[in-house]
Amino acid sequence: AEAQLRQVQKMEAVGQLTGGIAHDFNNMLAVVVGGIDLARRRLNGPRREIMTHLTNAMEGATRAAALTRRLLSFARSEPLMPERVDTAVLVGGMSELLDRTLGERIKVVTDLSGDAWPVFVDPHQLENAIVNLAVNARDAMEGTGKLKIRSLNKHMKASEVGDIRGGDYLCIEVTDTGCGMTPEVKERAFEPFFTTKAVGKGTGLGLSQIFGFAHQSGGEVGIESSVGKGTTVSIYLPRTDAEPSNVRAHPAMHARTEE
Ligand code: ADP
């Protein structure tokens, strides 16, 4: 539970960090725009001067590109180490963390199917995904409301949600009674860096990371949302037939966990 709490604190820190980075990024863009603007105004002036302005613009753009590269690699660097996961156990173990994250005035309810199909995913990434959704729900509820986490077995038809392939999935639904999303926000919600939150509050990376995680795991994510009523985000993860013992015995996996 302490490691999980540290994870939440880390994520909040990343949020603040990213806000700062957005500010730096804007400053770099200002250098780029300024350089190009000055070069345009001096088009009839000495070549050397034009070159100086363009070089400044280039440097600003190069620094901005380096910054976004760092940010993206930070967001995506964690390698996937999938194993057979029982989501009822995983989510059940997060209850204290979720209570603390959501605060006293938001009620957390779980409805975890006892015979839920096992899935083959990176447990840390799944935990991160749920924490991300819980933080989003908290932000959408402004202090009071209800957060519900439900897991259920579902047989999906191809393209029933997004690009999902037909088959058996474990579905984890996170539902809040928050402000909901307008169709415009919903449309862009998975875009990296898309956020409607204040600088320093939102990174715009939460849902895009979840999208990446679900797709890398062979699954899909869906959003249902209604303004003023609330939002449900559903993560679909393919049912696995891996036996627990087989997973532990997998030599490659062992080598990686011991690093
Ligand atoms: P962030 O939370 O840092 O803004 P996300 O990628 O997690 O980044 O979310 C992107 C945007 O989607 C949010 O800024 C918000 O506008 C919207 N959003 C996400 N989750 C919810 C939710 N549960 N209720 C309402 N809006 C949401």
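Each reported figure results from applying straightforward, stated rules to the coordinates on display, with no laboratory input. Note that the structure is a prediction, hence the values are computed from the model and not measured. In this analysis, Cβ positions are derived from the backbone assuming ideal geometry, glycine residues included, and neighbour counts consider all displayed protein chains.
For the pairs Lys157/Lys201; Lys154/Lys197; Lys154/Lys201; Lys154/Lys229, note any where the Cα-Cα span goes beyond 30 Å.
Working: Lys157/Lys201 37 Å; Lys154/Lys197 33 Å; Lys154/Lys201 35 Å; Lys154/Lys229 25 Å.
Over 30 Å apart, Cα to Cα: Lys157/Lys201; Lys154/Lys197; Lys154/Lys201.
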Describe numerically, in nm with one decimal, the distance between label points set 7 Å from Cα along Cα→Cβ at Leu152 and at Val199. 4.4
I need the calculated FRET efficiency for the pair Leu54 and His23, taking r as the beta carbon distance and R₀ as 25 Å, to the nearest 0.05. 0.50
Counting only residues 5 or more places away or on other chains, whose amide H sits under 5 Å from the amide H of Arg239 once H atoms are built in the peptide plane? Asp168, Tyr169, Leu170
Val108's amide H: which non-local residues (gap 5+, or another chain) put their own amide H closer than 5 Å, with H modeled 1.01 Å from N in plane and none for Pro or chain starts? Leu147
Amide H partners (placed H, <5 Å) of Val121, local residues excluded: Glu83, Val85
Fewest-first ranking of Ile223, Ile130, using other Cβ atoms within 10 Å as the exposure measure: Ile223, Ile130
Just how far, in whole angstrom, is the range 178-229 from the range 82-103 if you go by their alpha carbon centroids? 21
